[in-house]
Each structure stands twice: as structure tokens, then as C-alpha cells.
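Peer 1: My questions will all concern the structure given below.
We did not get these values from a lab; they are worked out from the coordinates using the rules stated. What you see is a predicted model; the values in this text were computed from it and never measured. With ideal geometry, Cβ positions are generated from the backbone for all residues, glycine too; neighbour counts draw on all protein chains shown.
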Amino acid sequence: MSDLYQAKVLDYQLANGITVKLLPMPGFHQTYAMINVNVGSVDTRFQPANHGLITVPAGTAHYLEHKLFEKKDYDAFELFGRLGADSNAFTDLCETSYLFSTTGRLRECLETLLNFVQQPYFTQKKVDKERGIIGEEIKMYDDQPGMRLYDAMVASLYPHTPLAEDIAGSLTSIQQIQPQDLQTLYDNFYQPANMTLLVVGGFDPQTVLEWVQENQEGKQFSSHYQRPTSMIINSAGQVVSNWQKKMAVQRPRVMIGLRGKHNWPATDRLKYQLAGELFFSLLFDESSDNFLRLYNAGIIDDSFGYELEVANQFDYACLGTVTDVPDRFISEIHQILRDSKRQLSAAAGQFNTVKHSLLGRLIGMMDSPEAVADRFAETANGDWLITDEVTTLRSLTIDDLQLIINSLIEPEQWTTCQILPSN
Amino acid sequence: MDYQLAKGVKLHIIPSSQFRLTNIVINFSAMQTTNNATARHLLANVLETSCQKYPTQTLLARRLDALFGAVVSANVARVGQIHTLRMRAQVVNDRQAQTALLMPLINLLRELVFRPLMNEKGFDAATVAVQKKSLAGSLAAINDDKQFVAYQRLAQLFYDQTSPMYYPSYGTSSDLDSLNGGSLVSAYRSLRDEDQVDIFVLGEVNTKKVRQAFAKWPFRDRQPLAAIADYHQSFHHRLRQQLDSDDIEQAKLDLAYHLPVYYRDPGYYPGLVMNGLLGGTPYSKLFLNVREKESLAYYADSQLRAFSGHVVIETGISANNYQRVRSLIEQQIRQLQAGQFTSEQLEEVKQSLITSYRVGLDNPLNIIEHRLVNELSGHPELFNVPEAVGLVTKQEVVAVAKQLKLQAVYYLGGDVDE
């Protein structure tokens, strides 16, 4: 297995505080670069050091992401286009990511990325114009029952918190967003020490590092930055145990959410994340005893899946399916979860196979610069790379799955959300 | 490197040390008919979940887990009028894993293809019943994806009702109801013994060993496909238009333009660039003028259907903007036809297409797809795509754009003022 480590990651922190991670992949034509900023949709209430509480409307981080591309005399998106590169950005609960992929003119692309993220330009006119596009985006999500259900599940787990708001905000909240809100969020979070630049794919790491250093040395940033403290789950009320909505869907959709108990510092977070993936894999994957039984009984179908979200201040898991018998799905899943300690011991013989299987999937992702970068943003919130996952995973034992039982197996912290056909 | 395993059965080995995984695709091709898609889709789902050696999904999944999380799946897709059933497999290569995984995986695939869960009476009834129910559920759930629903209804407006293309490649609920064990057996036998087969193996492999392993598979000779993928339909002067009312937040307006430009025709690369300028890239007229400048849509894009002679435009809009968006789209087409785009825009789009092509070289499934499409379209030779795109001129783009003729318009959403 030693060969797995031929993927060598170079990890630096530059003088201004920005973290740079470089993962060269020999033989690849494309280079994929991503700036990950440690701010997301949940950062709507925060307290900078020696300052009172600041609030911004729901959806501000996502709005900012849209507007950051537009500058006084250029549009970064078009600039990437002229360089022959593709660019994109996305906002998640805890982070915002800006990225490009290219097969040439790498230096110009890297400078464009660093410059447009690090030089804001918000005007009233441009901010007002974006309201239409973001409104359409929100409406499009509203028509997708899968997304409605997921958002309702998170909102039910964390009522009265920023997690209860959709990532893009609402049609009402986006009306309130002003240039000043974008600037406030920007000033508080878009600082080098709160960002990571990841470059993955075909490139020469030494040269890229020099380009980045040169670019960063030419810019001024405030020298003493401390990330504001975000008030995310401090105000969370009791879990809302049931939520239902009727929509014009063909078949019922149901999702069970489990609110975790702990705050996870980055180092433990990775272990917890992977233990969680193994836990759900052993209990619910196709290779488990439960899957086929539920599948053959018509309780789940190919849409069945689970997901784990592990952030610094909160963690939750969810399981969902499309089914004609939502009540049976709920009681079956509840029973398996309640019984998970015994079920895990029964499946202990499978542990090593399932661990190898996850290892194989992680190795497979290393065939794709995009998969490496996406996982870095979505699962790791910028804190670790897939190579770290491989190392940590190899050290896990079945006893580590107790972490998951301790955190998630608390029925009063569970919610059940359903979207039912309106006719 | 290509090897003939039997008449109509080819093995294509693509050695590469770029990837940690080895990818295998076994592609079965037959002409789509008005009624074969559903049975083939159900067959794909049965074949990917069971075989005589691993009769349940659980046992099969455990076997795959033991092969370092190897993945096997089967699905259906269409290339022009050719219906394809593909079995795909991925596994960590033997050097990375430091253990032999490829040969056991090839053996497992042989079990899935040649020893499915059936006896002289037919496929295992319980397995078929479960997969049938599951497919029925997936087909019903498609209706919840409004963007896809609109696209599908546009396709049905565009295609003549007598054409096999009128029927979706993934099948229909009504066909599924009428399927029985017997129809599944005949679908399997014709797949196994009559379909053209193309097997692709891409990765760091020992070519000789791979060849020897597949040479043992008991394929019979069969006729290779006589026709190629291209589907031709003549332009009808009556515009096919349909407006459906639906209680959704965001309305969908989709258009289909007739364009007789086919894969690797002289007009193909100009057609690709034209589509890139229209709505196929983020630097396109639809994206910049409909979405960005006018803020009228969250998505607005176009696709060149180079195996069936048309261009599709999809938009997500507010119902009250129907007329404005529609005239704006038609205005973008007229501008293309009048050559109203700058040489910078042309270069940008060409660059973007070349970049996507190069990026595709980093994706094993994309490389295989490209090779498969070349096989099925009767153009198996490799081709310098960046060069061909680079040589496209403004005149060629305009000439292709002038052939665009609006054939079908589909709208889904709240009431509009006509």
C-alpha cells in the first residue's frame, strides 16, 4: 500500500496568512485551482474581536459570491473565458469556493483568481441588478422536492438558527441585501488567513508557488486578523420532530435527520467524518443485511441514500428515500438506529472489507482533480485533503464507530420530514 | 489496440498510466425500435444486481467490496438511433492495490453477462418483480424533475410520432406494465447473441493478459450494426407548439431548431462552435444576453444534437417573461445568422471547446465515450479535435447558423399572455 503515498501534497502558509496546498498529478492535462474561504450561509450573526454583534440578512454569503465576479472595468468570469479557462463558484453552509480549470495560461488564470477574490467592488446598481437572477435561482430550488426536503430537515434539526435558512436566502431576505452587507461580510471573512488556495492536476509546484508568492506580496492586507466568532447554534431550540408538506410530487419522499452532539476541532472532525461513513456503510449500504431486506419489501428503492455533514460547530446525518410507505421507512430506520450497537457487532466481520471499499473509493477520486477539489470544499471545509483521509482511514478500528453512536443515537434529537403528493 | 473476439464483438484496450483505477465498459448496441427500450432498461437493472454465482444484491455488493470497493453498474443510453446498454466497472489497479483485482473483476463481469440469474423457465421471478417495481418508481420520479420533463416533452414534439426516437431511451411506464418474464428473456438473448459488442479497457493493464481473459468469453458471431447512428428527419413547415399549465415556481421554455449537421460532417465543427456561441458555453449569447444582461433566466443554454439533426435550447424563466424571452432567443439566432459576433467571442468559444476537449482527456469514461461514439458513427479513426475547432472560420459558423429552422416550442408553467 506504500504506493498510495506517491501523491505528494505540498503545504505552505504564506507571510500574509493564506494557506497554499499543491497536489501535482503527473500526466494530467488540466489544472484545477480553488480558493476556499471559511465563510458560508450560516455566518449571518458574528462577533469580531472587541466589537458588538453584527448581523446580515440570510443569503448574504451567496449573494456576495455572485457579485464578487463583477468589477469596475471587467467581469472575472469573462476574463477566464478569454484565457480559455472555465470558472465557477459555490456557497455552502460553512464555506464559499471560487475555482477555475484550465489547460493553459495557468499563471494568468491563477492571478485572475487571486485578484478577483481579493479585490471587492460592490455598487448599488450592480447589487440591485443581481436580485432577479438570485430570485430565479431560489424559485428553481423551490420546485425541486429533494432540495425542499433536505432544507426542511436541516431547519427542523436547528430551529431559530442560521441553519434554518436556505443557503441562497429567501425571496424576502434577498430584498434586504445591500452593498454594505456584502462589504461587511467581505471585510470580516475574506482575509488571507481565512482562505486556502488549492491547486491540483498537471503543473509544476515550485513554479506555481513562486507565482502565488509574488502575487500575494504585491498586496496589502490588515496585519492582525482574527476570524470573528459566528453564532450558529447557540440559539438552537428543541429539534422539531415532525415536518410535512404537500407538493405536486408523484410519490412520497421522506428524510430522517439526526442532530449530533459535539463540536469538532478540525483534527477530530476528520476521524469522526470517516467513522460516520463506515458506520452508515455497515448498516445501510448494499452490502449490509438491512439494505436488501428493505429493498425487497418495497420500503426503499434506488433513491435511498444517506449523508453526513460535519462542521466545526455542528454535525448531523440524514437518511432519505422515495417510498410508497413512508411510515414503514420511518419505523424501520428508527429501529435499526436504536439497535445500532448490536447491529455493528453483528457486522464486525464486514468491517475490514467495508474499510477497504471506502479506501478504494478515495483512491479512485484521486483520478479526478475535480473530485479532489470538490471533496476538499464540501466534506473538508478546506481543512484537509483526500491524502489525509487515506491516512486517517487506515488507522480506524471498529471501536472508533462508538463516536458515532455517542453523538447521533439520541432519538429526541431526531427529526422526520416528508413531502407527500398533494392529490 | 483493437482485437476482434468474434464477428461483431471487439475488444478495445487503451493502455494508460495516468490513472489509479482501471475502467471497463462493455457496450451492447442495437437499433432502437418503438418498443425495445423499456425491456433493455429493466434488463440492465437485473444484470447489475444479480447472477447465478451471487444471486442477491447483498452477495454481489460484498464481492465488490472485497475487490477494494470495485464498482459495477449497468445503464442504457442512446447514440443517435442506436440504443446502447452499457455495463461499467471500475477497480483500483493492481499496482496501487498491490494485489490482483483486475482478473477477478473480469471474471465477475463474465458471470454477470453470461450467467445471469435465470433458469430454463426464465429470470428469477422475485428479482424481476423487485427490479420492475423499482424501475416503475424511477420512471414516475422523473416527473418531479421539471427541467427534464420539459426537455422530454420538447423531444416528443420535435420527433415524428412514427419514429423510434419519439420513445425515450430509458423506456416508458406503460411498456413496463406489459413486460413479462418471457419478454425479458428474449431481450437478454438478443442482447447476448445479436447486439454489436464493444468492450473497452482503459488503465495500467497487461494487454496480453486482458486479451487472453476476454478471449475466453463465449461470444457467438453476430452481424455488426448495418446502419450508423445518425437519425435524419425532414423539416416540417408547421411549427410544433405546446403549452402545458403546471403549478411550478419557475416556468420552462424550451425550443428545438432543425439543423441537418451531423457528427464529423464538414459542418460539424462549425456547428459545435456555433452552438458554443449560441448557448453551449458560459460565454454564449443566451448566457450573457438572456441570463446576465437581462436577468431573465436562471439557466439558458443550448445543445447541439449531432446524431439527430437539431439544436435544443432550454431556459428557466418567470411566466410573465414568456414573450420577452422567446423574442430575445429568436433575436440571438438572427444575430448569429447575420454574423453579429466579434472575433474575440469566436476565439473565446473555440478556446473553451478546446479546453473542454483537453480536460476530457483526464476523464477515463469520457475517453471511452469518445471512442465508442467514433465506433458507432462509422468514424473509428482518431481525429485532431483541437486543430479542427481551431480552423473554424466566422463564415462557416454563419453558414451553419443560417440552416437553423425553428421546429418545436414547448412551455411548462403558469398561464402566459399569448
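Peer 1: Enter the angle in degrees (range 0 to 90, nearest 10) between the Cα long axis of helix A:351-365 and the first principal axis of the Cα atoms of chain A, meaning the one along which they spread out most.
Peer 2: With both axes taken from Cα atoms, the answer is about 30 degrees.
Peer 1: Sorting A:ASP92, A:ASP143, A:ASP400 on the 10 Å Cβ count, fewest up front, what's the list? The partial results should precede the final answer.
Peer 2: Numbers: A:ASP92 19, A:ASP143 23, A:ASP400 16.
Fewest-to-most Cβ neighbours within 10 Å comes out as A:ASP400, A:ASP92, A:ASP143.
Peer 1: Label points 7 Å out from Cα along the Cβ direction at B:SER138 and B:ASP160: separation in nm?
Peer 2: 3.2
Peer 1: I would also like to ask the following. Using only atoms on other chains, find how many Cβ atoms lie within 10 Å of each Cβ of peptide B:90-98 and report the average. Working shown, then result.
Peer 2: On the way: counts 4, 2, 9, 2, 0, 1, 8, 7, 4.
What the average comes to for B:90-98 is 4.
Peer 1: Looking at the range B:1-44, which trypsin sites (Lys or Arg not before Pro) are DSSP coil and have at most 14 other C-beta atoms within 10 Å of their C-beta? Numbers along the way, then the final one.
Peer 2: On the way: sites: B:LYS7, B:LYS10, B:ARG20, B:ARG40; in loops: B:LYS7, B:ARG20.
When the trypsin sites (Lys or Arg not before Pro) of the range B:1-44 are filtered for loop state and at most 14 Cβ neighbours within 10 Å, B:LYS7 remain.
Peer 1: Let me ask something additional. Dividing the alpha-carbon radius of gyration of the range B:339-404 by 2.2 N^0.38 Å (N being the number of residues), what value is obtained? Before the final figure, lay out the partial values.
Peer 2: Values: Rg = 14.1 Å, N = 66, 2.2 N^0.38 = 10.8 Å.
My calculation over the Cα atoms of the range B:339-404 gives 1.31.
Peer 1: Still on this model: Need one value for A:244-251: mean number of C-beta atoms belonging to other chains within 10 Å of its residues' C-beta atoms. Can you show the working numbers first?
Peer 2: Values: counts 0, 0, 0, 2, 6, 4, 7, 6.
What the average comes to for A:244-251 is 3.
Peer 1: Could I ask something else about it? How would A:HIS334, B:HIS83, A:HIS29 line up from fewest to most surrounding beta-carbon atoms within 10 angstrom?
Peer 2: If I rank by nearby Cβ atoms, fewest first, I get A:HIS334, A:HIS29, B:HIS83.
Peer 1: Could you tell me which chymotrypsin sites (Phe, Trp or Tyr not before Pro) in the range B:158-191 are loop residues by DSSP with no more than 11 other beta carbons within 10 angstrom of their beta carbon? Before the final figure, lay out the partial values.
Peer 2: Details: sites: B:PHE158, B:TYR159, B:TYR166, B:TYR170, B:TYR188; in loops: B:TYR159, B:TYR170.
When the chymotrypsin sites (Phe, Trp or Tyr not before Pro) of the range B:158-191 are filtered for loop state and at most 11 Cβ neighbours within 10 Å, nothing remains.
Peer 1: Defining a contact as two alpha carbons under 8 Å apart and six or more residues distant in sequence, what relative contact order in percent does chain A show? Each step should come with its number before you reach the end.
Peer 2: On the way: 761 pairs, mean separation 95.5, N = 423.
That works out to 23 percent.
Peer 1: Divide, for chain B, the radius of gyration over alpha carbons by 2.2 N^0.38 Å, where N is the residue count. Could the numbers behind the result be given before it?
Peer 2: Working: Rg = 23.0 Å, N = 418, 2.2 N^0.38 = 21.8 Å.
So chain B has a normalised radius of gyration of 1.06.
Peer 1: Another question, if that's okay. Averaged over B:144-152, how many beta carbons belonging to a partner chain fall within 10 Å of each residue's beta carbon? Could you put the intermediate results ahead of the total?
Peer 2: Working: counts 13, 4, 4, 3, 0, 0, 0, 0, 0.
Mean number of neighbouring Cβ atoms from other chains: 3.
Peer 1: Okay, moving on. Are there chymotrypsin sites (Phe, Trp or Tyr not before Pro) in the range A:50-138 that DSSP marks as loop and that have at most 11 other Cβ atoms within 10 Å, and which are they?
Peer 2: Working: sites: A:TYR63, A:PHE69, A:TYR74, A:PHE77, A:PHE80, A:PHE90, A:TYR98, A:PHE100, A:PHE116, A:TYR121, A:PHE122; in loops: A:PHE69, A:TYR74, A:TYR121, A:PHE122.
Nothing satisfies the criteria.
Peer 1: What are the semi-axes of the equivalent ellipsoid for the range A:332-423, taken as the square roots of 5 times the Cα gyration tensor eigenvalues, largest first, in whole Å? Display every interim value, and only then the final one.
Peer 2: Values: eigenvalues 158, 95, 36 Å².
Over the Cα atoms of the range A:332-423, the ellipsoid semi-axes are 28, 22, 13 Å.
Peer 1: State the extension gain, in nm to one decimal, for the chain segment bounded by A:GLN335 and A:ASP204, taking 0.36 nm per residue of separation less the distance between their alpha-carbons.
Peer 2: Numbers: separation 131, 0.36 × 131 = 47.16 nm, distance 5.29 nm.
Stretched fully, the A:GLN335-A:ASP204 segment lengthens by 41.9 nm.
Peer 1: Does chain A come out rounded, prolate or oblate, given a ≥ b ≥ c as the square roots of the eigenvalues of its C-alpha gyration tensor, rounded meaning a/c under 1.5 and, failing that, prolate meaning a/b above b/c? Before the final figure, lay out the partial values.
Peer 2: Values: a/c = 1.83, a/b = 1.31, b/c = 1.40.
In terms of gyration-tensor shape, oblate.
Peer 1: Could you line up B:ASP198, B:ASP415, A:ASP289, A:ASP367 from fewest to most neighbouring Cβ atoms inside 10 Å? Provide the component values of the computation, followed by the final result.
Peer 2: Working: B:ASP198 24, B:ASP415 11, A:ASP289 15, A:ASP367 21.
Fewest to most other Cβ atoms nearby, the residues stand as B:ASP415, A:ASP289, A:ASP367, B:ASP198.
Peer 1: Restricting things to alpha carbons, tell me how big the range A:242-421 is in terms of Rg and Dmax, in Å.
Peer 2: For the range A:242-421, the Cα-based Rg and Dmax read 16.5, 47 Å.
Peer 1: Taking a temperature of 25 °C and a viscosity of 0.890 mPa s, what whole-number D in µm²/s does Stokes-Einstein yield for the range A:2-230 with Rh from Kirkwood over alpha carbon pairs? Display every interim value, and only then the final one.
Peer 2: Numbers: Rh = 18.8 Å.
So the translational diffusion coefficient is about 130 µm²/s.
Peer 1: So, one more: Net charge near B:LEU11, counting Lys/Arg +1 and Asp/Glu -1 over other residues with Cβ under 10 Å of its Cβ? Provide the component values of the computation, followed by the final result.
Peer 2: Details: positive: B:LYS10, B:ARG211; negative: B:ASP2, B:ASP198.
Charge balance in the 10 Å sphere: 0.
Peer 1: Note the count of lysine pairs whose C-alpha atoms are less than 15 angstrom apart in the range B:240-413, limited to pairs 8 or more residues apart or on different chains. Provide the component values of the computation, followed by the final result.
Peer 2: Details: B:LYS285/B:LYS293; B:LYS285/B:LYS350; B:LYS350/B:LYS394; B:LYS394/B:LYS402.
Taking the Cα cut-off of 15 Å, the pair count is 4.
Peer 1: Rounded to whole Å and ordered largest first, report the semi-axes of the equivalent ellipsoid of the protein assembly as shown derived from its Cα gyration tensor (root of 5λ). Spell out each step's value before the answer.
Peer 2: On the way: eigenvalues 303, 251, 171 Å².
Result for the protein assembly as shown: semi-axes of 39, 35, 29 Å.
Peer 1: How big is the range B:240-413 on each of its three principal axes, counting only the C-alpha atoms and giving the largest first in Å?
Peer 2: 49, 32, 29
Peer 1: Once you sort the root eigenvalues of the Cα gyration tensor of the range A:65-110 as a ≥ b ≥ c, which label holds: rounded (a/c under 1.5), prolate (a/b larger than b/c) or oblate (the other case)?
Peer 2: On the way: a/c = 2.75, a/b = 1.37, b/c = 2.00.
Oblate, since a/c reaches 1.5 and b/c is not below a/b.
Peer 1: List the residues, sorted by chain then number, that are 5 or more residues from A:GLY305 or on another chain and whose placed amide H is less than 5 Å from its amide H.
Peer 2: Those qualifying (amide H under 5 Å, at least 5 residues apart or on another chain) are A:GLY320.
Peer 1: Sorted by average packing, counted as other Cβ atoms within 10 angstrom per residue and highest first, what order do B:111-124, A:34-47 take?
Peer 2: Values: B:111-124: 16.2, A:34-47: 23.3.
Most protected by this proxy first, the peptides run A:34-47, B:111-124.
Peer 1: OK, next. For chain A, take the longest principal axis of its alpha carbons; what is the angle in degrees between that and the long axis of helix A:205-217, to the nearest 10 within 0 to 90?
Peer 2: Helix A:205-217 sits roughly 60 degrees off the main axis of chain A.
Peer 1: Follow-up. Hey, which of these cross-link pairs are over 21 Å Cα-Cα: B:LYS53/B:LYS209; A:LYS67/B:LYS146; A:LYS245/B:LYS133; A:LYS67/A:LYS129?
Peer 2: Values: B:LYS53/B:LYS209 23 Å; A:LYS67/B:LYS146 28 Å; A:LYS245/B:LYS133 25 Å; A:LYS67/A:LYS129 10 Å.
Distance filter (> 21 Å) returns B:LYS53/B:LYS209; A:LYS67/B:LYS146; A:LYS245/B:LYS133.
Peer 1: Which far-off residues, 5 or more places away or on another chain, put their amide H under 5 Å from the one on B:GLN196, with H placed in the peptide plane?
Peer 2: When sequence neighbours closer than 5 places are left aside, the close amide H contacts are B:SER29, B:LEU225.
Peer 1: Taking every eigenvalue of the Cα gyration tensor of the range B:14-84, multiplying by 5 and rooting it, what semi-axes result, largest first, whole Å? Working shown, then result.
Peer 2: Values: eigenvalues 136, 80, 10 Å².
The answer is 26, 20, 7 Å, longest axis first.
Peer 1: For B:LYS216, which lysines qualify as cross-link partners when the Cα separation must be under 16 Å and same-chain residues fewer than eight apart are set aside?
Peer 2: Excluding near neighbours in sequence, the set is B:LYS7, B:LYS10, B:LYS208.
Peer 1: Could I ask something else about it? Apply 1/(1 + (r/R0)^6) to the Cβ-Cβ distance of B:SER186 and A:ASP128, taking R0 = 56 Å, and write down the FRET efficiency to the nearest 0.05.
Peer 2: Details: r = 63 Å, r/R0 = 1.12.
Given R0 = 56 Å and the Cβ-Cβ separation, E is 0.35.
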